[in-house]
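Written below as structure tokens is the structure these notes are about.
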Amino acid sequence: MKIYSFIDEFSSFLPCVFTLGFFDGVHIGHKKIIQNLIFRAKGEYCTVLLTFNPHPKEVLIPKKNILYLNTLPERIHHLKKTGIEHLIIHPFTKKFSKLSIQDFFQKILFSNMKIKKIITGYDSHLGKNRDGTFHQLKKISKSYGIKIYKVNPYKYKKKIISSTNIRKSLLIGNIEWANNALGYLYNLSGYVIKGEGIGKTLDFPTANIQLNENKLIPKKGVYAVKVNIFNFFYNKGMMNIGICPTVNKKNKKIKIEVHIFDFYQEIYGKKIDIFIIKRIREEKKFSTLYDLKRQIKKDQIKIEYFFSKK
């Protein structure tokens, strides 16, 4: 897959099949669009996917805190797996946002690539103020002799698979639905930083993770996880997302702590990838550290049992 930082960088002598969108999560719905794109190319045309960075809302609503399912490197990683030949990651700016759908296609796209077919999602809205509908796109495409195909929504358990619904699912702790909608395990990645050492005093040492500030963090609680360190998978771990109310009286900042079963290495400063499998319980405040330690032991037994059944 070739990657381009601007639309103007792309050039191909071959006509192409084209799609565009933000593709946060690169979920099953996105993959249906991409599969359709590759099918329509049929080895005759090249495949081109245009996406943007940052998210349009981050530019248009600066005060809004945009939480991503994927960091940009993660999005690229998942898109590489789909078989797309050309990926354009165009900067989204206020100036770019003011383009009408007509100007966007006529002055930007059609002057840089030979588009023969366009594949779009069911909810695609393009151009200034997102006022470019499928009907308008179809009208513009027809005038240029371009065929356009709309991919219908894909559902899991009667709910449409979308980046918005996956975010909502993660925020209420429904990891299973989110993972099935994504088609892979939702993960948190970051570097291990020094914590307060409370876990070690409880005989459950934890790695404290510093995440990208725009990465969506699931609902507070205890989770069964798998962990990747040094490109080696540890298949049993438990993670706590929360403010650690038993030991932390003042700081309400969310912390990510993971305990890897049967792991004893020093990993400060190392990158770690946590793959979230199942939510075990809510975060709780305990009266004593002894009560907290007893609960953590129960969590470990529950997670051990959970993994033994998989």
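The values are calculated or read from the model by the stated rules, or taken from the named source; none is laboratory data. On a predicted model such as this, the values are computed, not experimentally measured, just so you know. Positions of Cβ are generated from backbone atoms using ideal geometry, with glycine treated the same way; all protein chains shown enter the neighbour counts. The accessibility values were calculated without ligands, DNA or RNA, using every heavy atom of the protein model including side chains. Shrake-Rupley method; radii C 1.70, N 1.55, O 1.52, S 1.80 Å.
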Next on the checklist: As an exercise, use a Förster radius of 30 Å and the Cβ-Cβ distance of LYS138 and THR71 to find the FRET efficiency, rounded to the nearest 0.05.
Outcome noted: 0.30
Checklist outcome for this item: Rounded to the nearest Å, the spacing of the alpha-carbon centers of segment 265-295 and segment 11-45 is 40 Å
Checklist outcome for this item: Rounded to the nearest 5, the percent of DSSP beta bridges in the chain running antiparallel is 60 percent
Item to check | SER100 versus LYS158: modelled label distance in nm, points set 7 Å from Cα along the beta carbon direction | outcome: 4.4 nm
Item to check | Of PHE263, PRO245, ASN174, farthest towards positive along the dipole that unit charges on Lys, Arg, Asp, Glu beta carbons give segment 158-291 | outcome: ASN174
Checklist entry - In whole angstrom, how far apart do the alpha carbon centroids of segment 163-192 and segment 212-263 sit? => result 14 Å
Item to check | Overall form of segment 136-278 per C-alpha gyration tensor (a/c, 1.5; a/b vs b/c) | outcome: prolate
Checklist entry - In nm, what is the difference between 0.36 nm times the number of residues separating LYS220 and ARG294 and their Cα-Cα distance? => result 24.7 nm
Checklist outcome for this item: Probe 1.4 Å, heavy atoms of protein chains only: per residue, the accessible area of segment 24-110 in Å² is 48 Å²
Checklist outcome for this item: Of every hundred units of 1.4 Å-probe accessible area on segment 43-109, the number belonging to carbon and sulfur atoms, as a percent, is 56 percent
Item to check | Gained length - VAL247 relative to SER111, 0.36 nm times residue gap less alpha-carbon distance | outcome: 42.9 nm
Item to check | Inter-label distance for LEU185 and GLN210, nm, one decimal - labels placed 7 Å from Cα along Cα-to-Cβ | outcome: 2.5 nm
Item to check | Length added when fully stretched, LYS168-ARG281, from 0.36 nm per residue minus Cα-Cα | outcome: 38.9 nm
Item to check | Simple label model, 7 Å out from Cα along Cβ direction - TYR149 to ASP203, nm | outcome: 6.0 nm
Item to check | Farthest positive-ward along the chain dipole, Cα basis, beta-carbon charges - from LEU87, ILE296, PHE134 | outcome: PHE134
Item to check | DSSP-loop GluC sites (Glu not before Pro) across segment 216-310, with at most 14 other Cβ within 10 angstrom | outcome: GLU266, GLU282
Checklist entry - In bins 10 Å wide, starting from 0, what share of all Cα pairs of the chain does each bin hold, as a percent? => result 5, 24, 29, 19, 14, 7, 2, 0
Checklist entry - Quick one: how many Å² of LYS194 are accessible to a 1.4 Å probe, rounded to 10? => result 150 Å²
Next on the checklist: Please state the shape class of segment 1-115: rounded when a/c is under 1.5, otherwise prolate if a/b exceeds b/c and oblate if not, all from the C-alpha gyration tensor.
Outcome noted: oblate
